[in-house]
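To start, the structure under review is shown below, and the notes come after it.
The values are calculated or read from the model by the stated rules, or taken from the named source; none is laboratory data. Computed from a predicted structure; not experimentally measured. Positions of Cβ are generated from backbone atoms using ideal geometry, with glycine treated the same way; all protein chains shown enter the neighbour counts.
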Amino acid sequence: MLLGTPTADSTELYAITMTEGDPSWAGALAGVALGLLVYHVTEDEVKEQADPAIYDDEIGIAEMVLEVDVLREAAKKVRDRVSV
């Protein structure tokens with residue numbers, strides 16, 4: 001699963017939802033553990049697989065204004081706690 005979320009909180013929430021199920025138990029994924037690996041679009045693992053020119057055009061500006069280290073850490077935090 002590839003996220004393009006703008007904050008650490010939203011990154012963590014969506015990552016948890018895609019791996020463990022909806023933590024609020026209010027949505028369609030309540031109790032549904034999909035077990036998906038979740039990455040943020042700014043992570044090196046994603047960036048290395050993209051065409052550099054397209055990545056720069058589509059995501060480069062966002063990288064300049066977002067706290068990418070915090071976003072990457074939020075996605076990694078969820079990946080590390082979930083055994084897939």
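For this structure, a couple of remarks:
- Condition met for Asp22 (part of a loop (DSSP other than H, G, I, E, B), charged (D, E, K, R) and either modelled with pLDDT under 95 or over 10 Å from the mean Cα position of the chain (by Cα) (or both)): yes
- Only residues that are touching a helix residue (DSSP H, G or I) at 6+ places or on another chain (Cβ under 6 Å) and buried (at least 16 other Cβ atoms within 10 Å of the Cβ) were counted in region 20-35, giving 1.
- The residue pairs whose first member lies in region 40-65 and is of a type in the set (Phe, Trp, Tyr), whose second member is surrounded by 12 or more Cβ atoms within 10 Å (Cβ to Cβ) and in a helix (DSSP H, G or I), and whose beta carbons are closer than 7 Å, counting only pairs six or more residues apart or on different chains, are Tyr55/Lys47.
- Residue list for region 17-30, filter: touching a residue at least 24 places away in the same chain (Cβ under 8 Å) and either of a type in the set (Gly, Ala, Ser) or in contact with a Cys (Cβ under 7 Å, 6 or more places away or on another chain) (or both): none
- Residue pairs meeting the criteria (Cβ under 6 Å; at least 6 apart or on separate chains; first among the β-branched types (Val, Ile, Thr), in region 1-16; second at pLDDT below 95): Ile16/Pro23
- Yes/no for Ile54 being modelled with pLDDT under 95 and assigned to a helix (DSSP H, G or I): no
- Some residue of region 11-19 being surrounded by fewer than 15 Cβ atoms within 10 Å (Cβ to Cβ) and touching a helix residue (DSSP H, G or I) at 6+ places or on another chain (Cβ under 9 Å): no
- Among (1) in contact with a helix residue (DSSP H, G or I) (Cβ under 7 Å, 6 or more places away or on another chain); (2) surrounded by fewer than 18 Cβ atoms within 10 Å (Cβ to Cβ); (3) without any contact (Cβ under 8 Å) to a residue 60 or more places away in the chain, the one test that Val70 misses: (3)
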